[in-house]
Amino acid sequence: KAGVTQTPRYLIKTRGQQVTLSCSPISGHRSVSWYQQTPGQGLQFLFEYFSETQRNKGNFPGRFSGRQFSNSRSEMNVSTLELGDSALYLCASSLRLAGADTQYFGPGTRLTVL
Amino acid sequence: AQSVTQLGSHVSVSEGALVLLRCNYSSSVPPYLFWYVQYPNQGLQLLLKYTSAATLVKGINGFEAEFKKSETSFHLTKPSAHMSDAAEYFCAVTSGTASKLTFGTGTRLQVTL
């Protein structure tokens, strides 16, 4: 079974631009979560989706948004990029919306904002 | 609110020596606890998890962890370190029906000859 895939793997953008990242979960998984990883702040939760609905949101500004499609694929969007948005963005999928379920992570998208 | 504290941002051991990575958690409800490993330029890979069954949990690559409620700890151990164990290790907590993982700050494990 294929793992979680994320595209693109690397992105370079300039301040003020917007960016869309894509995540395809493991087949059959219905829950998708997004995390931001930076050297200074570590791993921080962005949001989670289940059945096309956002179920939980982390403490990030409204410039960060996401959505989930009927096939469970998910996208996240960051508008008006800032230098501080440079990070590794990780997507994780799990079978259900349940804390006990294992979340399987993709390889991440490395975003660099210049 | 939940939180995780990982003591020691860097740990260095000799090959063949015991690996001990510390994790303490805080949770007002019964927690689910996870250890993930991250190799350079890769995502996170699950090593093991505790979900209220056996308190001693065995994972992949010879790692294990023991849930101690009285000490609010979930330390990760491996009897004999291998060079391939060099990576960053993250402890995480969640609970209930939320998939949101709260991570510790990570411990970078170095294995020397």
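The values are calculated or read from the model by the stated rules, or taken from the named source; none is laboratory data. This is a predicted model, so every value here is computed, not measured. Because the Cβ atoms are built from the backbone with ideal geometry, glycine has one as well, and the counts that use them run over all protein chains shown. The accessibility values were calculated without ligands, DNA or RNA, using every heavy atom of the protein model including side chains. Shrake-Rupley method; radii C 1.70, N 1.55, O 1.52, S 1.80 Å.
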Handout entry: Counted residues, the range A:89-114 - those being of a type outside the set (Gly, Ala, Ser), outside any loop (DSSP other than H, G, I, E, B), more than 8 Å from every other protein chain (Cβ to nearest Cβ) and touching a Ser or Thr at 6+ places or on another chain (Cβ under 7 Å)
Key = 5
Exercise for the section: Those residues that are more than 16 Å from B:Thr55 (Cα to Cα) and surrounded by fewer than 19 Cβ atoms within 10 Å (Cβ to Cβ), I need them from the range B:74-86; list them, please. Expected result: B:Pro79, B:Ser80, B:His82, B:Met83, B:Ser84, B:Ala86
Practice task
For the range A:73-88, enumerate the residues that are open to solvent by less than 30 Å² (accessible area, probe 1.4 Å), away from chain B (no Cβ under 13 Å) and not β-branched (Val, Ile, Thr).
Solution key: A:Met76, A:Leu81, A:Asp85, A:Ala87
Completion exercise
For B:Val29, the lone unmet condition from (1) of a type in the set (A, V, I, L, M, F, W, C); (2) closer than 17 Å to A:Tyr35 by Cβ; (3) at the interface with chain A (Cβ under 10 Å from one of its Cβ atoms) is (2)
Problem - Qualifying positions in the range B:94-113 - out of contact with any Cys (no Cβ under 9 Å at 6 or more places or on another chain) and within 14 Å of another protein chain (Cβ to nearest Cβ) - result: B:Thr94, B:Ser95, B:Gly96, B:Thr97, B:Ala98, B:Ser99, B:Lys100, B:Leu101, B:Thr102, B:Thr105, B:Arg108
Problem - Residue within the range A:47-63 that is in a loop (DSSP other than H, G, I, E, B) and within 10 Å of another protein chain (Cβ to nearest Cβ) present - result: yes
